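In what follows, a structure is listed as structure tokens, so that the remarks can point back to it.
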Amino acid sequence: MKKPDTPADELQRLDKLRQYQILDTAPESAFDDLTKLAAYVAGVPIALVSLIDADRQWFKSRYGLEVPETPRDVSFCGHVVGSGAALTVPDALADPRFADNPLVTGAPEIRFYAGTPLVTPDGFTLGTLCTIDVRARQLSPEQDALLKVLARQVVDQLERRRQTRVLQAQQAQLARNMQQTSDAVSLLRGILKNANVSVIETTPSGTIRVFNAAAERMLGYSAEELVGQASPAILHDPAEVAARAIELSTELGVPVEPGFDAFVAKARRGTADEGEWTYIRKDGSRFPVLLSVTARRGARGEIVGYLGIASDISERKRVERLQSEFVSTVSHELRTPLTAIRGALGLLAAGVTGALPVQAKEYVDIAVSNSDRLVRLINDILDIDKIRSDDVTFKFMTIPVGNAVKHAIAANAAFAAQYAVRLELVGDPAAGDVRADPDRLAQVLTNLISNAAKFSPTDASVELAVTRRDGRIRVTVRDHGPGIPDAFRGRIFQRFAQADTSNTRQRGGTGLGLSISKAIIEKMDGLIGFEPAPGGGTEFYFELPCLPAVGTTAPAAAGAFRILVCEDDPDLAGALERLLNRHGFSVDLSPTIERARQLLASEHYDAMTLDLMLADGHAGALVRELRASEATRQLPIIVVSCVDAPAGSVASLVNDIIPEPLDESRLVAAINKATAVSGSRPGPAG
Amino acid sequence: MKILLVDDEEDIRKIGRLSLEAVGKFQAVVASGGAEALQMAWDERPDLILMDVMMPEMDGPTAVVKLRLIPELQAIPIVFMTARVQRAEIDHYLALGAIGVIPKPFDPMALPDQIRKIMASRGG
């Protein structure tokens with residue numbers, strides 16, 4: 001007996017067979033009809049739809065046979081699959097391949113076999129449609145042809161079943177997707193409806209598309225009245241909008257139209273836009289809101305709409321007004337009697353009303369120093385309230401921290417000397433600039449130094465140091481005093497916290513210094529804290545974010561062109577510097593407009609690159625200044641890494657604009673071109 | 001030098017007067033409000049007016065505006081005295097034409113010197 005061969009594509013074939021999900025399924029009339037027809041056409045008692053699995057042949061349909069399956073090895077159909085060709089065996093007993101096959105020598109005693117391959121549209125042979133007789137015989141060519149037709153029908157049926165299954169699976173998936181979408185839509189609707197803030201969404205040109213329930217309540221319009229018909233401009237005061245448009249024009253360096261443009265100018269550029277506006281209700285009444293506007297973008301980054309979320313801040317503004325009125329009133333009410341007290345005492349103490357007996361003078365002096373203390377206290381309370389409530393304008397500048405610390409040491413040396421304490425700067429202060437208000441920074445340093453001095457033993461030193469760590473500048477003030485008691489540690493930055501009430505009068509101070517310092521440092525985006533110092537005492541520190549370094553870097557090759565790179569992103573600044581150095585240019589860096597101005601005034605540059613948005617604002621004004629000045633009118637300016645191409649006047653004043661993402665070769669080419677034109681190298685600082 | 005001190009608080013007037021006369025050796029006259037200040041300024045023709053800011057009925061700034069409308073009194077220099085000394089407020093007072101601002105509470109021993117300094121920085 002010859003076993004059937006395994007075809008070369010057996011693994012794929014089996015996989016294909018699985019895809020039809022037909023093995024071990026129940027008999028079906030469609031297939032049974034076909035085998036009955038096959039038996040009739042061939043005039044035989046047995047006809048089968050046989051599918052060849054890995055180790056067996058399994059019959060989807062069996063006409064005239066009880067057995068549902070047999071091992072593959074003994075199957076005749078296996079040979080059809082092995083060769084891929086039809087097989088006719090007129091007399092099995094006379095055929096050496098099958099003469100001793102158990103299915104021939106035993107049940108069902110096969111003598112005649114004719115099997116046609118069942119071939120899938122993509123060419124895999126799954127099994128056969130075969131006809132079997134217990135007597136030797138032949139088929140006519142017509143019978144053969146008809147059996148081939150029936151085989152195609154069997155394959156059709158298999159295909160149809162497979163495709164139906166695929167469709168059903170797709171439908172189930174679609175139904176699930178639809179349910180998910182429907183759930184998501186419900187959720188979003190629910191959020192819009194129940195949110196306590198007004199949500200207004202518009203088309204890119206400014207027509208309202210979404211006007212949620214809260215907006216309806218707050219403004220008195222119904223969504224129907226406005227959606228598709230109106231612009232949010234009708235909710236605003238035209239004068240306020242016009243004023244804001246002018247402010248924005250200055251801030252962004254591009255003209256901003258009064259109208260819808262004023263609401264979205266910043267959002268369009270990808271800048272966060274949150275501000276206070278006045279909303280006007282349908283009935284004309286007004287209320288203040290905090291409005292946040294963002295742009296919605298599509299897959300290609302194009303703007304598909306604007307979203308405005310507004311919350312009613314009437315209550316907050318009312319409280320703010322009350323608070324600031326309170327502060328003013330308290331300020332005046334407290335200071336008035338104090339003026340009289342201090343004034344009268346001052347005159348008494350100075351003997352203007354006549355000489356005082358010694359003991360009287362002693363007590364008058366006590367009264368004078370305490371009313372001075374009261375004045376300082378009131379000032380401090382009002383100070384901290386002002387800082388917290390944003391009433392104080394911080395004038396931010398770029399400050400080299402090392403210098404600020406040196407100044408503070410000099411300014412407080414006399415005070416420290418009163419306690420017989422020396423102030424020392426330990427080590428070289430790390431180079432670095434921070435953005436801070438110089439007066440407020442000095443206030444913090446004075447506070448920390450005076451605390452350290454007050455709590456130091458006599459003849460001790462207070463050590464200050466300036467270090468740099470991970471893009472932050474750290475200033476430490478270390479004393480050798482008794483340290484902070486454990487119980488007090490958690491409260492030290494709170495108002496009026498003083499560890500040692502028995503000594504407070506001697507130490508002076510209002511108990512507010514540290515909480516004011518904390519408010520100041522936090523306002524400048526820094527942090528403040530303390531640690532026990534090794535060897536006794538306490539080390540107070542504060543950290544502020546460091547601006548990228550300014551100034552010359554790699555030594556300039558003689559005759560190399562000097563480029564000023566204005567960039568506040570430290571990574572990008574570093575990359576630009578390295579890129580230009582590699583191409584033989586000498587580079588100075590500035591993260592701020594202010595520094596750039598200083599450098600441009602004192603150094604000569606052959607070209608400059610400029611990121612229009614720097615740490616201290618939009619550089620449009622700087623460009624105009626440079627062009628207005630004789631010395632820098634011809635200076636090549638290349639705008640780099642702008643999110644939004646500058647329109648209008650700024651664009652026409654610069655030599656080239658290189659958008660994000662940065663094309664390095666284009667930048668280098670632009671600089672080469674600029675420096676070729678700028679010609680010979682004049683001497684330094686013109 | 002004759003100085004007109006205007007303040008609605010009697011105690012401040014007393015202290016201020018003593019400071020100006022005994023310590024500063026100025027000649028001092030006083031008024032208790034904006035309206036009286038206008039009258040006193042007309043009657044006494046002082047060389048300087050020390051004007052409190054917060055007063056009921058007519059406050060310091062209003063009184064100053066009215067003073068400036070009277071030709072004979074226009075040229076009298078004004079110094080405000082006030083508890084409110086934020087930068088914005090100081091700018092406001094200077095914009096009204098004051099030549100200086102003295103914060104309250106003031107030290108009566110130092111007040112005359114402060115006044116002299118302000119007069120000097122005007123360029124006399």
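Of all the listed residues (A:99, A:114, A:85, A:107), the sole one being in a loop (DSSP other than H, G, I, E, B), hydrophobic (A, V, I, L, M, F, W, C) and open to solvent by less than 40 Å² (accessible area, probe 1.4 Å) is A:99.
If you go through the stretch A:268-296 and keep only what is more than 31 Å from the chain's Cα centre (by Cα) and part of a strand (DSSP E or B), you end up with A:280, A:286, A:287.
Going by the conditions given, is residue A:368 more than 14 Å from chain B (Cβ to nearest Cβ) and either among the hydrophobic types (A, V, I, L, M, F, W, C) or surrounded by 19 or more Cβ atoms within 10 Å (Cβ to Cβ) (or both)?
Considered against the rule, which asks whether it is more than 14 Å from chain B (Cβ to nearest Cβ) and either among the hydrophobic types (A, V, I, L, M, F, W, C) or surrounded by 19 or more Cβ atoms within 10 Å (Cβ to Cβ) (or both), residue A:368 comes out as no.
Going through (1) more than 22 Å from residue A:123 (Cβ to Cβ); (2) surrounded by fewer than 21 Cβ atoms within 10 Å (Cβ to Cβ) one by one, residue A:35 falls short only on (2).
Tallying residues that are out of contact with any Gly (no Cβ under 8 Å at 6 or more places or on another chain), closer than 11 Å to residue A:566 by Cβ and not in a helix (DSSP H, G or I) within the stretch A:598-615 yields 8. Looking at residue B:47, is it without any contact (Cβ under 8 Å) to a residue 60 or more places away in the chain, away from every other protein chain (no Cβ under 14 Å) and of a type in the set (Asp, Glu)? It is true that residue B:47 is without any contact (Cβ under 8 Å) to a residue 60 or more places away in the chain, away from every other protein chain (no Cβ under 14 Å) and of a type in the set (Asp, Glu). I'd like to check something: does the stretch A:500-515 contain any residue that is within 24 Å of residue A:469 (Cα to Cα), at pLDDT 65 or above, under 34 Å from the mean Cα position of the chain (by Cα) and not acidic (Asp, Glu)? No: the stretch A:500-515 contains no residue that is within 24 Å of residue A:469 (Cα to Cα), at pLDDT 65 or above, under 34 Å from the mean Cα position of the chain (by Cα) and not acidic (Asp, Glu). Is it the case, given these coordinates, that residue B:81 is within 14 Å of chain A (Cβ to nearest Cβ), in contact with a strand residue (DSSP E or B) (Cβ under 7 Å, 6 or more places away or on another chain) and in contact (Cβ under 8 Å) with a residue 40 or more places away in the chain? Yes. Between a first residue in the stretch A:65-84 that is closer than 13 Å to residue A:5 by Cβ and a second residue that is acidic (Asp, Glu) and at pLDDT below 90, which pairs have beta carbons less than 9 Å apart while being 6 or more apart in sequence or on different chains? From the stretch A:65-84, the pairs are A:78/A:5; A:79/A:5; A:81/A:5; A:82/A:5; A:83/A:5.
Within the stretch B:52-66, residues that are without any contact (Cβ under 8 Å) to a residue 40 or more places away in the chain and over 20 Å from residue A:339 (Cα atoms) reach partners that are open to solvent by 60 Å² or more (accessible area, probe 1.4 Å) and not in a loop (DSSP other than H, G, I, E, B) with beta carbons closer than 6 Å, at six or more positions or on different chains, in the pairs B:58/B:35.
Checking the stated criteria, residue A:307 turns out to be away from every other protein chain (no Cβ under 14 Å) and either open to solvent by 40 Å² or more (accessible area, probe 1.4 Å) or at negative phi (or both). On the stretch given as the stretch B:1-25, residues that are surrounded by fewer than 17 Cβ atoms within 10 Å (Cβ to Cβ), more than 10 Å from chain A (Cβ to nearest Cβ) and more than 14 Å from the chain's Cα centre (by Cα) total 1. For the stretch A:310-333, the set of residues classified as facing chain B (nearest Cβ under 8 Å) and either touching a residue at least 40 places away in the same chain (Cβ under 8 Å) or touching a Ser or Thr at 6+ places or on another chain (Cβ under 8 Å) (or both) consists of A:331 only. In the stretch B:39-60, of all residues being surrounded by 20 or more Cβ atoms within 10 Å (Cβ to Cβ) and part of a helix (DSSP H, G or I), the one that is modelled with the lowest pLDDT corresponds to B:60. Residues that are without any contact (Cβ under 8 Å) to a residue 40 or more places away in the chain, open to solvent by 30 Å² or more (accessible area, probe 1.4 Å) and not in a helix (DSSP H, G or I) do occur in the stretch A:135-154.
Selection of the stretch A:349-362 for residues being more than 10 Å from every other protein chain (Cβ to nearest Cβ) and not in a loop (DSSP other than H, G, I, E, B) yields A:358, A:359, A:360, A:361, A:362.
So which residues in the stretch A:155-168 are among the hydrophobic types (A, V, I, L, M, F, W, C) and open to solvent by 60 Å² or more (accessible area, probe 1.4 Å)? Those that are among the hydrophobic types (A, V, I, L, M, F, W, C) and open to solvent by 60 Å² or more (accessible area, probe 1.4 Å): A:166, A:167. For residue A:376, the criteria (1) touching a helix residue (DSSP H, G or I) at 6+ places or on another chain (Cβ under 6 Å); (2) within 14 Å of another protein chain (Cβ to nearest Cβ); (3) closer than 30 Å to residue A:465 by Cβ hold in every case but one, which is (1). Restricting the stretch B:102-124 to residues that are at pLDDT 90 or above and away from every other protein chain (no Cβ under 14 Å), the residue that is most open to solvent (accessible area, probe 1.4 Å) is B:116. Do you know which residues across the stretch A:437-490 are buried (at least 19 other Cβ atoms within 10 Å of the Cβ), out of contact with any helix residue (DSSP H, G or I) (no Cβ under 8 Å at 6 or more places or on another chain) and assigned to a strand (DSSP E or B)? Answer for the stretch A:437-490, where residues must be buried (at least 19 other Cβ atoms within 10 Å of the Cβ), out of contact with any helix residue (DSSP H, G or I) (no Cβ under 8 Å at 6 or more places or on another chain) and assigned to a strand (DSSP E or B): A:463, A:465, A:474, A:476. Looking across A:299, A:340, one residue alone is part of a loop (DSSP other than H, G, I, E, B) and either within 14 Å of chain B (Cβ to nearest Cβ) or open to solvent by 40 Å² or more (accessible area, probe 1.4 Å) (or both). It is A:299. All conditions but one from (1) open to solvent by less than 20 Å² (accessible area, probe 1.4 Å); (2) touching a strand residue (DSSP E or B) at 6+ places or on another chain (Cβ under 6 Å); (3) outside any helix (DSSP H, G or I); (4) not basic (Lys, Arg) apply to residue B:30; the one that does not is (1). The residues listed here are A:627, A:595; of these, the one that is at pLDDT below 85 and not in a loop (DSSP other than H, G, I, E, B) is A:595.
If the condition is being away from every other protein chain (no Cβ under 12 Å) and under 14 Å from the mean Cα position of the chain (by Cα), then the stretch B:55-67 contributes B:60, B:61, B:62, B:63, B:64, B:65, B:67.
The values are calculated or read from the model by the stated rules, or taken from the named source; none is laboratory data. Here the structure is a predicted model, which means the values were calculated and not measured. No Cβ is skipped: glycine too gets one built from the backbone with ideal geometry, and neighbour counts run over all protein chains shown. The accessibility values were calculated without ligands, DNA or RNA, using every heavy atom of the protein model including side chains. Shrake-Rupley method; radii C 1.70, N 1.55, O 1.52, S 1.80 Å.
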